[in-house]
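Each reported figure results from applying straightforward, stated rules to the coordinates on display, with no laboratory input. Please read these numbers as outputs of a predicted model, since none were measured by experiment. With ideal geometry, Cβ positions are generated from the backbone for all residues, glycine too; neighbour counts draw on all protein chains shown.
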Amino acid sequence: MTLYQGQALRLEMLGDGFAELVLDLDGSSVNKLDRATLADLCAALEVLEHTALRGVLVRSAKPAFVVGADVSEFPALFEAGEGALHAWLEQALDSLGRLESLPYPSVAAINGFALGGGLELALATDYRVLAEEARVGLPEVTLGICPGFGGTVRLSRLVGVADALDWLLEGKPRKAGAALTAGVADRVVAPEALRQEALELLGEVAEGGDWQARRARKRRPVAVPDGIAARGDTLDPRYPAPQAILAAVQTHAGLQFAEALQVERETFVALARGPEAASLVGLFLADQAVRKQARRHAEGAAPVRRAAVLGAGIMGGGIAYQAAASGTPILMKDIRAEALDLGMRTATAQLDRQIAKGKLSEAQKAAILERVTPTLDWQGFAEVDLLVEAVVERADVKAAVLGEAEGLLAADAVLASNTSTISIDRLAEGLKHPERFCGMHFFNPVPMMPLVEVIRGRHTDEATLARTVAFAQALGKTPIVVGDCPGFLVNRVLFPYFNGFNRLLQNGVDFERIDRVMEAFGWPMGPAYLADVIGLDTMVHADRVLQAGYPARMGHDGEPVMEQLLAAGCLGQKNGRGFYLYGTDEQGRRQREPSAEARALLGTPGAEVSDQDIVDRLMIPLCLETVRCLEDGIVASAAEADMGLVLGLGFPRFRGGALRYIQNQGLAEFAARARRHAHHGGLYQLTDDFRARLHSGQRYH
Ligand code: NAD
């Protein structure tokens, strides 16, 4: 008999005085604790409270228990104000509190994922039975918030403060076995036996089990072990959520249950109202949007059964390795046998590292290497579905090899170039079938960097684009389709940042200080060190391309410092001389110190420059160039633009990408800063569209 039927769940009478609450959100592949589900839960509890029962089972009819709250509801909710947030949390807390206070025991049967709100729901029941494949956790910290449905309180009382903090601060889903060891799970069973075993447990505890004592224990204050506060020293101060969770748990451990929930609720509201949560939640949603967009692009694509790469250098070797490791056989062609040997040695070293970490077996390594065919000739190219050109960055060399390759490939094969700077339309000029050509821009090092820019040329057809996007996905990468222009998306916005850096150097600001300020801002490395890592030759080459592409705003006054360093023979890390000097100490440890030669090139210091000025003079050009890319249609959406910068450049995640960074400051504040620096040139000029948004209030996100 059905006791209650809602949109998200139903309540069934099972006989013998037991009932089951079945989570089954209509029209969704997963259960979420969205507003509709919370309303249904409230209604079902009304029925449960007024039905004489011996126990209730909570389970899911979907392949996962509950994946969490509905993150897509967060942006509007977080911006709606403190009152709305408190009301939402109170409703959820009230429902879970009522579930926990039913006058009979409850058991949750957990299959698949029980994350965030899903685990918090399960923590409000008396017992938890997990299927062997289940994964449970509280990942809120990764979104810049804390659990808000009682998770920090119930977990710390259930497993102790120290273990609870491990779960809360890491935010990683745990396996069923780990949940059992920690005391989060009471039993772990085979997936097919889950419902039956959970019902058996419910029957057992209903017959004189200790559920009431357990319930009381779960609500009692717990001790904070010595030394817990010291965990704060290991947390990244730029991310407020871990610090706030640590403080909240220490504060509420000794309080009565209701007061403890109050502490958690206030912590949640404070975090949810902050810019870091907006950034991290925004990126979570942007990631989903970018994947969806890629799936749409790749729809109907013919799979790439065999691939080829031209050039066995840093990039070609990486692409060959990545294809082989993901299961696609690949031909790797170079004109020099030494390059092929180096490419194979690099791939082998990469695989050996994985073996050392226990992630790969010798047999798997052999199978991967077998998929790479090094070659000096064109044999086998007629069977290739997609070819990536990754030879030296010279338009004449690329045009020649692309023309030659085109004549040998099958009629429906895709030709792609990994060029970082040369226009795809220009490279297409010499081709007979420019519609089958596009850019496929990987980032260095290929195995590590998740982004691939797929560049649509003027003539590129949809089938070519679809197949290239699908291939990038098959390699485990995140493809973003961008338009053709100097620098495409990522380098086009990176070089304005370096242009701002150069102007600071010319104003006598020391690069070591700039690096320190930008690292504190959140970048993995400052601009001087990054330029050394990329290589000053590569930097200067790309900068010239961008200057030529956008002379009005990307030109320099006087000779840029990087050009001067390059002219003096400094290549950066690769020859040990750049902004820094690189070497090793007596113990063989790598060392880096600022180069006096580079310091001598700094301009005469003028007026005092604050740390905020340093940030603004680098970030404003980068942000405004991102704005221009969006306006020019180089990138289709703010979500893709910001995701591209996070994945391709290492843009600080807690700042959410360039457009989110503008949004978080407020367009008016950003505009005021840009105006303050307007005398530094065109890179600091607001666009007409930006001004229009400023007046209309239209947002980027
Ligand atoms: P690299 O110098 O390490 O390798 C280039 C390889 O191409 C060399 O092994 C060379 O022997 C080979 N080659 C030259 N002419 C050839 C031909 N006619 N046929 C076959 N092979 C030929 O260069 P790289 O850093 O791997 O860069 C390759 C491409 O990738 C360039 O277009 C570069 O702009 C682009 N790219 C580089 C990076 C990076 O960080 N290194 C990042 C993204 C894109």
Per the rule of 0.36 nm per residue minus the C-alpha distance, extending Arg691 to Thr584 adds in nm 33.4 nm
List Cys629, Cys485, Cys42 from most exposed to least, where exposure is judged by having the fewest other Cβ atoms within 10 Å. Cys42, Cys485, Cys629
Between beta-carbons, use under 13 Å as the cut-off and find the net charge around Met554, counting Lys and Arg +1, Asp and Glu -1. +2
The stretch 1-58-the stretch 404-464 distance, computed between alpha-carbon centres (Å): 53 Å
What's the long-distance tail for the stretch 257-359, i.e. % of Cα pairs beyond 22 Å? 61 percent
Would you mind estimating how fast the stretch 76-175 diffuses translationally, via Stokes-Einstein at 25 °C and 0.890 mPa s with the Kirkwood radius over Cα pairs, in µm²/s? 173 µm²/s
Between the Cα axis of helix 490-506 and the main Cα principal axis of the chain, the angle (0 to 90°, nearest 10) is 70 degrees
Going highest first, how would you order 201-213, 437-449, 127-139 by mean Cβ packing within 10 Å? 127-139, 437-449, 201-213
Fully extended contour minus Cα-Cα distance, from Asn444 to Thr375, at 0.36 nm per residue: 22.6 nm
Which angle from 0 to 90°, rounded to the nearest 10, does the C-alpha axis of helix 240-252 make with the longest principal axis of the chain? 20 degrees
After finding the eigenvalues of the alpha carbon gyration tensor for the stretch 118-166, what semi-axes result from the square roots of 5 times each, listed largest first in whole Å? 17, 14, 11
Mean separation of Cα pairs under 8 Å and 6+ residues apart, divided by the residue count of the stretch 251-390: what relative contact order is that in percent? 27 percent
What angle, in degrees between 0 and 90 and rounded to the nearest 10, separates the Cα long axis of helix 511-521 from the longest principal axis of the Cα atoms of the chain? 30 degrees
In whole Å, how far is the Cα centre of the stretch 478-553 from that of the stretch 603-651? 10 Å
So if R0 is 30 Å, what FRET efficiency would Ala61 and Arg217 give, r being the distance between their Cβ atoms, rounded to the nearest 0.05? 0.45
Give me the percent of Cα-Cα pairs in the stretch 1-149 that sit more than 27 Å apart, rounded to a whole number. 17 percent
For the chain, what percent of Cα pairs sit more than 36 Å apart? 51 percent
Relative pair counts by distance (%), Cα atoms of the stretch 531-595, 5 Å bins: 4, 18, 23, 19, 14, 10, 6, 3, 2, 1
Write down the Å³ per residue value for the convex hull defined by the alpha carbon atoms of the stretch 521-668. 157 Å³
Enumerate the residues in the stretch 378-393 having an amide nitrogen under 20 Å from the point lying 7 Å beyond the Cα of Ala337 toward its Cβ. 378-380
Bin all alpha-carbon pair distances of the stretch 133-270 at 10 Å intervals from 0 and give each bin's fraction as a whole percent. 11, 37, 33, 15, 3, 0
How much FRET efficiency would the formula 1/(1 + (r/R0)^6) give for Asn575 and Asp632, where r is the Cβ-Cβ distance and R0 is 45 Å, rounded to 0.05? 0.75
Less than 13 Å from a label point 7 Å out along the Cα-to-Cβ axis of Ala548: which backbone N atoms in the stretch 395-411 qualify, by residue? 395-397
Compute the relative contact order of the stretch 1-54 as a whole-number percentage, counting only Cα pairs closer than 8 Å that sit 6 or more residues apart in sequence. 34 percent
Based on the alpha carbon coordinates of the stretch 616-701, what radius of gyration and maximum Cα-Cα distance (Dmax) apply, in Å? 11.9, 32
So the compactness index of the stretch 366-523, its C-alpha Rg divided by 2.2 N^0.38 Å, takes the value 1.23
Take the Cβ-Cβ distance between Leu602 and Ala39 as r, set R0 to 41 Å, and report the resulting FRET efficiency rounded to the nearest 0.05. 0.05
If the chain between Ala568 and Val533 were fully stretched, how many nm would it gain, using 0.36 nm times the residue separation less the Cα-Cα distance? 10.9 nm
Order by neighbour count: Leu475, Leu342, Leu119, fewest other Cβ atoms within 10 Å first, most last. Leu342, Leu475, Leu119
Would you order Ile330, Ile534, Ile614, Ile455 from fewest to most other beta-carbon atoms within 10 Å of each residue's own beta-carbon? Ile534, Ile614, Ile330, Ile455
